[in-house]
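Before anything else, here's the structure in question.
We did not get these values from a lab; they are worked out from the coordinates using the rules stated. None of the values given here were measured: they were computed from a predicted structure. Here the Cβ positions follow ideal geometry from the backbone for every residue, glycine too, while neighbour counts run over all protein chains shown.
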Amino acid sequence: MEQYQPIDILKPFIKRFLILESEHGMVNRILPDTSIVMAFRLKGNVIYNENGTHYNLPASVITGIRESSRLIDYAQNTANLLVIFKEGGAAAFFKEPLNELGGISVSLDYLFHQSKVQAVEEELAGATANNQRIMIIERFLISQLKKTQPDPLINEAINTIRLSKGDIKIKNLIAGLPISRDPFEKRFRKITGTSPKHFSVIVRLKNLIDTWENKLSFTEAAYDAGYFDQAHFIKDFRSFTGLTPHEFFKTPVGW
């Protein structure tokens, strides 16, 4: 895996670019995340499992924020270029409300004109080095940039959720914001791709997983994450990962 940082004009909107290469093939369990992801297949084939059915990912695809994990099967000699957007950052490139992408992966020509997508794919096919491929995608993104700065109100809400590690009620989240609940939730969904409640759940569970090794028991981990009902914790965890906590921490994952 190779990581690349975006150029300055794209830094407010994009976390990083990733080049993922699989010489021998692999299967990863991908957990829900707060970032929308755009992917360009450079070679090979990628399949994902959805409710027991296998689907081929398009050559150029965008994936919205999901509620559950997904198994991704990378064939031998596969390479992909991923654009990892910052939370709320993808909204700078699209007119459509991003909550329309919730839980799905669609071909990029769903959002961009097919001729533009084909032109990018052809440029990528002719590129001979990864830094050249990154430059192609950066030029494409700059040509689609519709806003120069992220939404400050939504950014403040995102930062508040992160500082609380996802353990925050919506009424407390908007207490310091100059907006009422209904328009806030609509604006949050449109810009981030999901509801503030679901966004908080993702942050909460990812933080729990990140700090798991420091916990003495499932009960302690759940309590520290703000769960006071173990059954609720197990239900959320299984929905999020597809596994029970015991199964998850015994199984290698690619999240």
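Say the cut-off is 32 Å between C-alpha atoms; which of 116/206; 186/235; 116/171; 43/95; 171/250; 15/116 go over it? Provide the component values of the computation, followed by the final result.
Details: 116/206 36 Å; 186/235 27 Å; 116/171 43 Å; 43/95 30 Å; 171/250 37 Å; 15/116 23 Å.
Over 32 Å Cα-Cα: 116/206; 116/171; 171/250.
Could you pull the Rg and Dmax for the chain, using just the Cα atoms, both in Å?
So, for the chain, Rg and Dmax equal 18.8, 55 Å respectively.
Separate question: What three numbers, in Å, describe the spread of the alpha carbons of the range 2-144 along their principal axes, ordered from the longest?
So the extents along the principal axes, rounded to whole Å, are 40, 35, 27.
Using packing as a proxy for protection, rank 28-37, 219-228 so that the peptide with the highest average count of other Cβ atoms within 10 Å comes first.
28-37, 219-228
Placing +1 on the Cβ of each Lys and Arg and -1 on the Cβ of each Asp and Glu in the range 152-248, which of 198, 208, 227 has its Cα farthest towards the positive end of the resulting dipole?
The listed residue farthest towards the positive side: 198.
What span do the alpha-carbon atoms of the range 152-248 cover on each of the three principal axes, reported in whole Å from largest to smallest?
Over the range 152-248, Cα extents along the principal axes are 42, 22, 21 Å.
For the range 1-30 and the range 173-194, compute the distance between their C-alpha centroids and round to whole Å.
29
Beyond 24 Å, what share of the Cα-Cα pairs of the range 83-176 remains, rounded to the nearest whole percent?
39
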